[in-house]
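Following: one structure in structure tokens, then a few remarks.
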Amino acid sequence: MTSETAESPVAVNLTAANPTAAVLVIGNEILSGRTKDANLGHIAEKLTEIGVRLREARVVPDVEEEVVAAVNALRARYTYVFTTGGIGPTHDDITAACVAKAFGVALERNPEAVARLERHYAAGQLNEARLRMANVPAGGILIDNPISQAPGFQIGNVFVMAGVPNIMRAMLDGILPRLAGGPALHARTVACELAEGVIAAELSALQDRHPALEIGSYPYFRAGFFGVSLVLRGTDEQELAAATDELAEIVRRLGGTPTVTVGTKG
């Protein structure tokens, strides 16, 4: 099935005033250290751009009960859940079956997914192992894969994507227009060569004065000097600008030289 129906678990209104998200990374190779995750940061950046707050990330092994439990916990708590990994042709690619179990629906051989694979592979190359990549929970909506054609899928508020970074990014690009975002999140960074301990009390007081903003402190060591990047995030640009000015003045008062940049780099 590639379209929504009234009975389908995908036929839900995925809207929220301040939408939130979680990422579920699935795979023993991530937990063993063999593969370094390259997807989480990209997903976070793309979601921030459309006003969706990424609130949690989990990594679980290729173990059915752990994947099912994580999917159910996260989909109940957040507006959107994005999974990466475990949708290939091998025995340990169990994500589709686990998501079907989490939703209590059958895992079906999706005709449109089969057709896409048939167009992609040469005659005689589409074996049973590769056909496993066409298995989708009943009611799922396919997520396009313009690179290798094996699709991901959406069911309810869960979006299931490949773990291979370039394929995941292509899938995410296709998903983003489906999402209802929230207010845009703006950011400013104030960098200075002050120790965190010097500025901590003033930073706490600034946070108290601006509870609607997120203010984070990130120490660094560059070119032989210690310093700190102080990142302010919020949806109200006027308040963000005012708090940034306050913070720059605090840095000066404490003997530092603030460098202010737009965004989270600095």
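The values are calculated or read from the model by the stated rules, or taken from the named source; none is laboratory data. Only a predicted model underlies this, so the values are computations on that prediction, with no experimental measurement involved. Here the Cβ positions follow ideal geometry from the backbone for every residue, glycine too, while neighbour counts run over all protein chains shown. With ligands, DNA and RNA removed, areas are computed over all heavy atoms of the protein, side chains included. Shrake-Rupley method; radii C 1.70, N 1.55, O 1.52, S 1.80 Å.
Remarks
- Selection of region 15-26 for residues being modelled with pLDDT of 95 or more and either closer than 11 Å to T83 by Cβ or of a type in the set (A, V, I, L, M, F, W, C) (or both) yields A21, A22, V23, L24, V25, I26.
- Contact map, region 244-266: residues that are touching a residue at least 12 places away in the same chain (Cβ under 8 Å) and open to solvent by less than 90 Å² (accessible area, probe 1.4 Å) paired with residues that are among the acidic types (D, E) and in a helix (DSSP H, G or I), Cβ distance under 9 Å, separation 6+ or inter-chain. Pairs shown: L247/E202; I250/E202; V251/E202; L254/E202; P258/E249; V260/D245.
- For A180, the requirement of being out of contact with any His (no Cβ under 7 Å at 6 or more places or on another chain), hydrophobic (A, V, I, L, M, F, W, C), within 26 Å of Y78 (Cα to Cα) and buried (at least 18 other Cβ atoms within 10 Å of the Cβ) is not met.
- Hits in region 188-216 - residues which are touching a strand residue (DSSP E or B) at 6+ places or on another chain (Cβ under 9 Å), open to solvent by 50 Å² or more (accessible area, probe 1.4 Å), part of a loop (DSSP other than H, G, I, E, B) and farther than 15 Å from V260 by Cβ: A195, A212
- All conditions but one from (1) modelled with pLDDT of 95 or more; (2) part of a helix (DSSP H, G or I); (3) within 17 Å of I175 (Cα to Cα) apply to V68; the one that does not is (3).
- Sole exception among (1) farther than 18 Å from I50 by Cβ; (2) in contact with a Leu (Cβ under 9 Å, 6 or more places away or on another chain) for G234, by number: (1)
- Out of L240, L254, L230, one residue alone is over 13 Å from E193 (Cβ atoms) and touching a strand residue (DSSP E or B) at 6+ places or on another chain (Cβ under 9 Å). It is L240.
- Residue match in region 233-246 (condition: touching a helix residue (DSSP H, G or I) at 6+ places or on another chain (Cβ under 8 Å), at pLDDT 95 or above and outside any strand (DSSP E or B)): yes
- Considering residues of region 31-58 that are open to solvent by 70 Å² or more (accessible area, probe 1.4 Å) and farther than 18 Å from N157 by Cα only, the residue modelled with the lowest pLDDT: E49
- In region 114-135, the residues that are more than 24 Å from I155 (Cα to Cα) reach residues that are surrounded by 12 or more Cβ atoms within 10 Å (Cβ to Cβ) with C-beta atoms within less than 8 angstrom, at least six apart or across chains, in these pairs: R119/Q149; H120/S148; H120/Q149; H120/A150; Y121/R130; L126/L117; L126/E118.
- Only strands (runs of 3 or more DSSP E) whose full extent lies in region 72-140 are considered here, and the ones with at least 3 residues that are modelled with pLDDT of 95 or more, open to solvent by 10 Å² or more (accessible area, probe 1.4 Å) and not polar (S, T, N, Q) are 107-109.
- In region 222-230 there is at least one residue matching the filter, namely being farther than 30 Å from E49 by Cβ and either touching a Lys or Arg at 6+ places or on another chain (Cβ under 8 Å) or in a strand (DSSP E or B) (or both).
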